[in-house]
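The values are calculated or read from the model by the stated rules, or taken from the named source; none is laboratory data. Just so you know, these numbers come straight off a predicted model, no measurement behind them. Backbone-built Cβ (ideal geometry, glycine too); neighbour counts: all protein chains shown. For the accessible areas, the whole protein counts, side chains as well, though only heavy atoms, and no ligand, DNA or RNA atoms are used. Shrake-Rupley method; radii C 1.70, N 1.55, O 1.52, S 1.80 Å.
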Amino acid sequence: MVAACAKVGPDFVPPKAAVEDTWLVSDDPRIVSSAPEDPAWWRKFNDPKLADLVKIAQQQNPNVQIAGVRVLQSRAQLAATIGNLYPQKQQLFGDLTYHRLSNGGSSTGFQHDVAKRLSLLSSNNSFWLTEVGVTASWEVDLWGKFRRAIEASDANLMASISNYDEALVSLTAQVASTYVNVRTYQERLRIARENVKSQQQTLNLTVVRFRNGEVSETDTQQAKAQYAQTRSQIPQLEIGLRQNLHALAALLGRPPSNLDDLLGPGGRIPAAPAQVAIGIPADLLRRRPDIRAAEQQAAAQSATIGATQAELYPAFSLSGTFGFLSTDVGNSKLSDVFDWKSRVASFGPAVVWNVFNYGQITNQVRAQDAVFQQAILTYQNTVLGAQQEVEDGIASFLGAQDTVVLLSEAVAAARRSVELATAQYRAGATSYTTVLTAQQTLLAQQDQLAVTQGSVAQGLISLYRALGGGWEVREGQDFVPTEIKEVMAKRTNWGGLLQEGPSGKDAAASPVPVPAF
């Protein structure tokens, strides 16, 4: 009978969103429209250190673990909601009460009425009364109120899984970005120290020439100033390096500590591949977890409209009580409470209909519909924002690559200029100003090249982050680490809810779980 009941309210239909057919730079040979073959995009950098860091972070990062526990929370809330399909009230009761009735007073209540009748029979205003039994009531889900609530909870569970995936995507991008920053700072430090050594040699040359009377003291002082200025950049770069190392440690779920065991003594800036496969814009609807989460949140709100609208219709319920009651009035004894003749029972249907609610329920339905429309607009806005992020990532990646080519040429020319200027100054064919200018230019170009090389990697990371890839690696794994589940199981009886079920895209087709008792 319940299965044949209607469900009021709208049935959810995935909202439409504006999606382009192709990316703006689809004609660039470095951007391939085929779908990425490997969801673990960080492997494209061919950097084992980076791969190890991502693996550790995904296992130990607190934010990811919090998102995993929220999946368990949503699972428990879904099981609790499913329980409403069964008799909503199931209680065992028992009591032993002493009654002293007033001749001039009045009271209400079932037990008092029983006590008053007994008092009249016995002409005794004081006695004991005991009863035990069971009572239950079941509101039939005639209009789908409870089933719509289950739909909402199920959608919220799916949204929590998508939010977990989003946490993985965000974490992976943060780890990769911070790692690139670390390698970039290390490269900039190497360049600065290399220039310090070169400028030390030039300073020594100016001192020798000044002592020999070949140049004025001006050359020596200019060389000292340039040498000190270059050295002053090193502490600032070391600060930036340490701060990024601290950030990386936090992402790994560690306090600020020495990461030499994971990073090694040094390394190159991760190099991006020549071509990148990014798929087509429509793939974002399936791949980006935040888009899937927004869709599920809209589905949950759609079901909430139906659950609220069901309050407009009559609620039919069945209720019953069975028990035993006895007193010490007359020939009765309290010990007779379990005799069959002491049984009491009541059973019957009931109906409640909020007829005169002065528009309260109707306006609640309207309010829920407005929230649903907001969820649709949020979904559509999320799709638009995702496309913008991808286009920005593509522009950043390609633009940084073009800049690296030009800066590499500039560095080569600046290095040659320093060599020529130094040789000419040594031979007395040019002033020290030429050497100074060449050294300053070389240091600036080398530093900018290192920064831009890091920007190429950062552009690719932001592109993959915008594409929403990387969460697929968790399929088949637990949302919550075993050690955390063991702690939770010792603290609370979770039944079977700590056991991992289907996840990811297969979870949407999984059957609704039964409540855990």
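Placing +1 on the Cβ of each Lys and Arg and -1 on the Cβ of each Asp and Glu in the range 135-200, which of Q200, N163, A136 has its Cα farthest towards the positive end of the resulting dipole?
The listed residue farthest towards the positive side: Q200.
Take the Cβ-Cβ distance between V405 and R426 as r, set R0 to 30 Å, and report the resulting FRET efficiency rounded to the nearest 0.05.
0.35
Please work out the Kirkwood hydrodynamic radius for the range 1-95, using every pair of different C-alpha atoms, and report it in angstroms with one decimal place.
It works out to 20.5 Å.
Contact order normalised by length for the range 198-302, with contacts defined as Cα pairs under 8 Å and 6 or more residues apart; what percent is it?
On the way: 34 pairs, mean separation 12.9, N = 105.
In percent, rounded to a whole number, it is 12.
Need one value: the accessible area of R100 in square angstrom, 1.4 angstrom probe, rounded to the nearest 10.
150 Å²
Suppose every K and R has +1 on its Cβ and every D and E has -1 on its Cβ; what is the size of the dipole of the chain about the Cα centre, in Debye to the nearest 20?
Here the chain has a charge dipole of around 1020 debye.
Starting from 0.36 nm per residue, how many nanometres of slack lie between A271 and W353 once their C-alpha separation is accounted for?
That works out to 22.6 nm of additional length.
Rolling a 1.4 angstrom probe over the protein chains, ignoring ligands and nucleic acids, what is the accessible area of L96 in square angstrom, nearest 10?
100 Å²
Within a Cβ distance under 13 Å of E194, other residues only, what is the Lys/Arg minus Asp/Glu net charge? Intermediate results must be reported in sequence, preceding the final value.
Details: positive: R188, R190, R193, K197, R231, R415; negative: E187, D447.
Summing Lys/Arg as +1 and Asp/Glu as -1 gives +4.
Can you tell me, using C-alpha contacts under 8 Å and at least 6 residues apart, the relative contact order of the chain as a whole percent?
Details: 753 pairs, mean separation 137.1, N = 517.
Dividing the mean separation by the residue count of the chain yields 27 percent.
With a 1.4 Å probe and all protein chains kept in place, how much accessible area does S33 have, in Å² rounded to the nearest 10?
Approximately 80 Å² of S33 is accessible to the 1.4 Å probe.
Quantify, in whole percent, the carbon and sulfur part of the accessible surface of the chain (1.4 Å probe; protein heavy atoms only).
Values: 14650 of 27130 Å².
Answer for the chain: carbon and sulfur cover 54 percent of the accessible area.
If Lys and Arg each add +1 and Asp and Glu each add -1, what is the summed charge of the other residues whose beta carbon sits under 14 Å from the beta carbon of A307?
On the way: positive: K7, K145, R147, R148; negative: D11, E139, D141, E151, D154, E311, D369.
Around A307, the charge tally is -3.
Take each of the peptides 443-449, 159-165, average the number of other beta-carbon atoms within 10 Å over its residues, and list them starting from the highest. Show your work: numbers first, answer last.
Details: 443-449: 19.4, 159-165: 24.7.
Put in order of decreasing packing, that is 159-165, 443-449.
Hey, can you find the accessible area per residue of the chain for me, probe 1.4 Å, expressed in square angstrom?
Numbers: 27130 Å² over 517 residues.
Per-residue accessible area for the chain comes out at 52 Å².
At 0.36 nm per residue, minus the direct Cα-Cα distance, what do D11 and E238 gain on full extension? Give it in nm, one decimal, please. Present the calculation step by step, with values, prior to reporting the outcome.
Values: separation 227, 0.36 × 227 = 81.72 nm, distance 5.84 nm.
Full extension of this stretch gives 75.9 nm more.
Where does the Debye-calculated log10 I(q)/I(0) of the chain sit at q = 0.09 Å⁻¹, using only Cα point scatterers of equal weight, no solvent?
Rounded to two decimals, the profile gives -0.85.
Of F322, F479, F338, which has the most accessible area and how do the rest follow, probe 1.4 Å? Numbers along the way, then the final one.
Working: F322 80, F479 5, F338 145 Å².
Output order, biggest surface exposure first: F338, F322, F479.
Just by accessible area at a 1.4 angstrom probe, what is the order of Y358, Y379 from largest to smallest?
Numbers: Y358 200, Y379 10 Å².
Heavy-atom accessible area, descending, gives Y358, Y379.
Do the sum for the chain: with -39,500 (n - 2.57) for every DSSP H run of n ≥ 4, divided by all residues, what is the mean residue ellipticity at 222 nm, to the nearest 500 deg cm²/dmol?
-20000 deg cm²/dmol
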